[in-house]
1. Among Leu66, Asn54, Gly102, whose Cα projects farthest towards the positive end of the dipole of segment 1-109, with charges put on the beta-carbon of Lys, Arg (+1) and Asp, Glu (-1)?
2. At 7 Å along the Cα-to-beta-carbon direction for both Gln83 and Lys55, put a label point, then send me their distance in nm to one decimal.
3. How charged is the neighbourhood of Gln83? Take every other residue with its Cβ under 11 Å from the Cβ of Gln83, and add Lys/Arg as +1 and Asp/Glu as -1.
4. How would Glu57, Glu72 line up by accessible area, probe 1.4 Å, largest first?
5. Please list, or write none, the lysines whose alpha carbon is within less than 21 Å of the alpha carbon of Lys141, excluding same-chain residues fewer than 8 places away.
6. Within the set of other residues whose C-beta is less than 14 Å from the C-beta of Asp25, count the net charge using Lys and Arg as +1 and Asp and Glu as -1.
7. Just for the chain, what percent of DSSP beta bridges are antiparallel, to the closest 5?
8. Can you tally the net charge around Phe35? Count Lys and Arg as +1, Asp and Glu as -1, for every other residue whose Cβ sits under 9 Å from the Cβ of Phe35.
Amino acid sequence: MLEPGDRAPAFTLPDQDGKRVKLTDLKGQPVVVYFYPRAETPGCTTQACGIRDNKAEYGKLGAKVLGISPDEPEALKKFAKNQKLKFTLLSDPDHKVAEKYGAWGEKSMYGKKYMGMLRNTYIVGPNGKIAAVFPKVQPKKHDKLVLKALRELAE
């Protein structure tokens with residue numbers, strides 16, 4: 001897992017419209033990079049809608065939000081449309097970026113172990129370094145934690 005002060009691993013991934021998004025193009029502003037398991041599932045929807053509902057606050061703090069899942073761009077586009085999400089969703093089907101960020105790992109459901117996307121969030125500072133890390137974040141508490149850290153970063 002990455003730690004505050006580490007250089008954020010660079011990546012380029014397709015968004016919900018198929019456009020390539022490069023993390024390095026966003027240098028100079030805080031970037032919230034959050035990993036979630038799957039579009040249209042209850043926890044992921046709760047988390048995404050929390051960001052949607054706090055969009056003005058993220059904007060006031062100058063933060064760009066990037067949600068990353070293993071879903072294909074078409075599924076992300078549908079998710080964004082259904083939930084009226086006005087932020088960038090990125091497709092990482094081979095989970096290479098998730099692995100770089102320590103957001104791919106062993107999970108367990110009903111006693112069965114499997115590999116999957118971990119619900120981790122990172123704030124990348126304007127300097128391209130990790131400013132804050134939130135491992136295994138709870139969807140309902142996500143925005144409160146992230147917005148507090150963004151406010152502290154802005155001070």
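1. So the residue we want is Asn54.
2. Taking the two extended label points, one gets 1.3 nm.
3. Numbers: positive: Arg52, Lys78, Lys81, Lys84, Lys86; negative: Glu40, Asp53.
Combined, the nearby Lys, Arg, Asp and Glu give +3.
4. On the way: Glu57 45, Glu72 95 Å².
My answer, sorted largest first, is Glu72, Glu57.
5. Lys55, Lys60, Lys64, Lys84, Lys86, Lys107
6. Values: positive: Lys19, Arg20, Lys22, Lys27, Lys64; negative: Asp15.
Around Asp25, the charge tally is +4.
7. Working: 19 of 28 bridges.
Antiparallel: roughly 70 percent of the beta bridges in the chain.
8. Working: positive: Arg119; negative: Asp92.
The answer is 0.
The values are calculated or read from the model by the stated rules, or taken from the named source; none is laboratory data. Treat the numbers as computed from the prediction; the structure is a model and nothing was measured. Virtual Cβ from ideal backbone geometry, glycine too; neighbours counted across all protein chains shown. When the accessible area is computed, the model is the full protein with side chains, heavy atoms only, and any ligands, DNA or RNA have been set aside. Shrake-Rupley method; radii C 1.70, N 1.55, O 1.52, S 1.80 Å.
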